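*Asks:* Take a look at this one; I'll ask things after.
The values are calculated or read from the model by the stated rules, or taken from the named source; none is laboratory data. Here the structure is a predicted model, which is why all the values come from computation and not from measurement. Here the Cβ positions follow ideal geometry from the backbone for every residue, glycine too, while neighbour counts run over all protein chains shown. For accessibility, only protein heavy atoms count, side chains too; no ligands or nucleic acids. Shrake-Rupley method; radii C 1.70, N 1.55, O 1.52, S 1.80 Å.
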Amino acid sequence: NMALHHDEFGNLLDEFGNIIGDDDDDDDEDDLQQQQQELSFFGGSGGGAGDGGEVVAQDDQHDQDDQDRGEDDDQGLGMVVDRGEEMQVVLHEDKEYYQSAEEVYPGAKTITLDEDAQPLEEPILKPVKVKTFSTLEDEAPLRKLYDVEFMMALMDRPEVIRNVALIGSLHSGKTTFVDCLAKATTEHGAFPEKYADTRTDERDREMSIKSTPLTLVLPDSRGKHYLVNVLDTPGHANFSDEVAACLRLADAAVLVVDVIEGMTKYNEALVRRAIAEKVDLALVVNKVDRLILELKLPPTDAYFKIVHTIDEVNTVIEQEWLSSGRRDDDDVTAAPVLDPRGGDVCFASAQHGWCLTLETFSRAYLDDAKYNPRRRGMKVNSQVTAPDLAKRLWGDLYFHADTGRFSKAMPSAESQSASSSRRRRRRRSRRKKNGGGDDDDSGDDSDDDDDDSDDEDRALTSSP
């Protein structure tokens with residue numbers, strides 16, 4: 001009474017779906033059916049169970065595909081395996097996972113140093129070397145002419161403190177001029193050059209890079225002492241920010257100009273900056289010695305060269321003053337004029353260590369004639385003052401030896417020849433008084449100085 005039926009493969013099944021028959025036969029049939037399905041999947045003809053040759057061919061094809069995929073995997077990993085020997089064993093250290101340096105950088109040479117290439121005295125990690133960028137000295141090079149207590153007392157009085165900035169183009173002599181000021185406040189002795197350049201690179205390049213302040217106690221022409229903070233600024237255009245900062249702090253600015261180079265574009269920019277900061281200007285005509293030693297100019301040509309340099313500075317000041325629309329304290333639009341007779345123009349040779357104005361030169365001239373009358377051979381009128389004489393040392397004024405006066409008219413050739421003849425007669429009379437013999441060259445020079453002093457004596461004793 002059991003209901004039996006067949007499935008789609010022809011197997012006899014019971015009512016519960018179980019296969020009726022030998023289990024071994026069923027397993028063989030299942031394997032054969034699975035092989036047929038695989039053959040049909042890989043593109044086979046789907047032969048029967050007895051077609052065993054096709055099954056073996058498909059197995060060989062599967063092994064070949066697996067071998068090709070293995071080679072591809074090996075090439076992807078960078079492993080080089082010789083397939084000549086089927087059972088070759090490649091060690092781990094022999095495998096090449098990455099390319100060598102010769103393959104990446106063809107033609108490059110690799111140098112390998114031995115372990116003993118570095119000497120034992122040299123450490124592997126060298127200590128850090130502290131580089132010295134500043135040559136600033138802890139103490140003053142020489143003893144000052146004033147006490148430190150006196151300088152500290154001046155610091156408590158703001159009315160005698162002056163902040164002065166030295167401005168000018170490159171290699172105009174600002175730092176050397178500061179050395180002259182510092183040397184004037186110390187005792188006689190060796191003074192270091194470029195004392196304001198406190199950096200090593202500044203001394204190597206022979207140019208200022210950073211602005212340097214220097215405090216000095218300097219007297220004026222009347223003997224009153226002031227505490228002057230001198231600000232030495234760089235002259236290169238790339239360091240103009242240092243100059244701008246110093247002009248903001250300064251009460252006055254001193255423009256240092258080379259007498260041969262004259263005004264430059266950078267000097268014009270400095271004058272413009274000083275006028276914008278409302279800073280009073282003074283002028284130092286530096287390197288006057290070059291007119292004598294290099295150009296070898298006669299006194300008249302040297303005088304006109306100096307006048308031309310001062311006129312250039314005044315022209316630039318006038319142009320910048322009018323363009324800025326600045327007015328002074330008296331509400332006057334006229335630009336200030338730098339005049340040697342006003343005391344705001346100095347003549348200097350920083351390399352040779354001297355600086356003077358017309359008044360200081362006149363004062364030294366009168367003091368020398370007053371305290372050394374025998375050497376100078378002159379008598380000085382007590383009414384003649386240094387400012388009066390200084391006014392006559394500049395401008396179109398000429399000294400007349402025959403009258404002993406200064407005049408705007410040029411002395412004639414007759415008067416010059418008459419004065420020279422008088423000097424010769426006085427020289428001969430003095431030789432007779434000394435013994436009647438001929439003096440040597442040094443004595444002749446001294447007599448000429450005495451004759452010149454007599455002519456100058458007339459100028460000093462005459463009323464202005």
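Listed here are the residues, each with its yes/no results for (1) outside any helix (DSSP H, G or I); (2) surrounded by 14 or more Cβ atoms within 10 Å (Cβ to Cβ).
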| position | (1), (2) |
| --- | --- |
| Glu159 | no, no |
| Phe177 | no, yes |
| Pro192 | yes, no |
| Glu202 | no, yes |
| Ser208 | yes, yes |
| Leu216 | yes, yes |
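*Asks:* Do you know which residues across segment 243-256 are outside any loop (DSSP other than H, G, I, E, B) and among the hydrophobic types (A, V, I, L, M, F, W, C)?
*Replies:* Looking only at segment 243-256, we keep the residues that are outside any loop (DSSP other than H, G, I, E, B), and these are 243-249, 252-256.
If the condition is that a residue be outside any loop (DSSP other than H, G, I, E, B) and among the hydrophobic types (A, V, I, L, M, F, W, C), then Val243, Ala244, Ala245, Cys246, Leu247, Leu249, Ala252, Ala253, Val254, Leu255, Val256 are the ones that fit.
*Asks:* I'm trying to understand the selection: among the residues of segment 161-175, which are farther than 15 Å from Leu214 by Cβ, open to solvent by 20 Å² or more (accessible area, probe 1.4 Å) and out of contact with any Pro (no Cβ under 9 Å at 6 or more places or on another chain)?
*Replies:* Result: His171, single match.
*Asks:* Checking the structure you have, find out if any residue of segment 224-242 is assigned to a helix (DSSP H, G or I), buried (at least 16 other Cβ atoms within 10 Å of the Cβ) and touching a strand residue (DSSP E or B) at 6+ places or on another chain (Cβ under 8 Å).
*Replies:* No - not one qualifying residue is present in segment 224-242.
*Asks:* Report whether or not Ala282 is at pLDDT 95 or above and either out of contact with any helix residue (DSSP H, G or I) (no Cβ under 9 Å at 6 or more places or on another chain) or open to solvent by 50 Å² or more (accessible area, probe 1.4 Å) (or both).
*Replies:* yes
*Asks:* Starting from segment 89-104, take each residue that is free of Cβ contacts under 8 Å to residues at least 60 places away in the same chain and list its partners that are open to solvent by less than 100 Å² (accessible area, probe 1.4 Å) and acidic (Asp, Glu), counting only C-beta distances under 9 angstrom and pairs at least six apart or across chains.
*Replies:* Qualifying pairs under 9 Å: Val90/Asp82.
*Asks:* In addition: Inspect segment 257-265 for any residue being part of a helix (DSSP H, G or I), touching a residue at least 24 places away in the same chain (Cβ under 8 Å) and open to solvent by 20 Å² or more (accessible area, probe 1.4 Å) and give the result as yes or no.
*Replies:* There is no residue in segment 257-265 that is part of a helix (DSSP H, G or I), touching a residue at least 24 places away in the same chain (Cβ under 8 Å) and open to solvent by 20 Å² or more (accessible area, probe 1.4 Å).
*Asks:* Another question, then. Need the failing condition index for Thr300 against (1) modelled with pLDDT under 90; (2) among the β-branched types (Val, Ile, Thr); (3) not in a helix (DSSP H, G or I), just the number.
*Replies:* (3)
*Asks:* Confirm whether Ala196 is within 21 Å of the chain's Cα centre (by Cα), assigned to a loop (DSSP other than H, G, I, E, B) and among the aliphatic types (A, V, I, L, M).
*Replies:* On the way: within 21 Å of the chain's Cα centre (by Cα): yes; assigned to a loop (DSSP other than H, G, I, E, B): yes; among the aliphatic types (A, V, I, L, M): yes.
Against the criterion (within 21 Å of the chain's Cα centre (by Cα), assigned to a loop (DSSP other than H, G, I, E, B) and among the aliphatic types (A, V, I, L, M)), Ala196 qualifies.
*Asks:* Looking at segment 309-322, I want the residues that are in contact (Cβ under 8 Å) with a residue 24 or more places away in the chain and under 17 Å from Asp258 (Cβ atoms) and have a partner that is of a type outside the set (Ser, Thr, Tyr) and in a helix (DSSP H, G or I) with Cβ atoms under 6 Å, at least 6 apart or on another chain. Which pairs are those?
*Replies:* Val316/Glu268; Val316/Val271
*Asks:* Can you confirm whether segment 305-322 contains a residue that is open to solvent by 80 Å² or more (accessible area, probe 1.4 Å) and among the aliphatic types (A, V, I, L, M)?
*Replies:* Among the residues of segment 305-322, at least one is open to solvent by 80 Å² or more (accessible area, probe 1.4 Å) and among the aliphatic types (A, V, I, L, M), which makes the answer yes.
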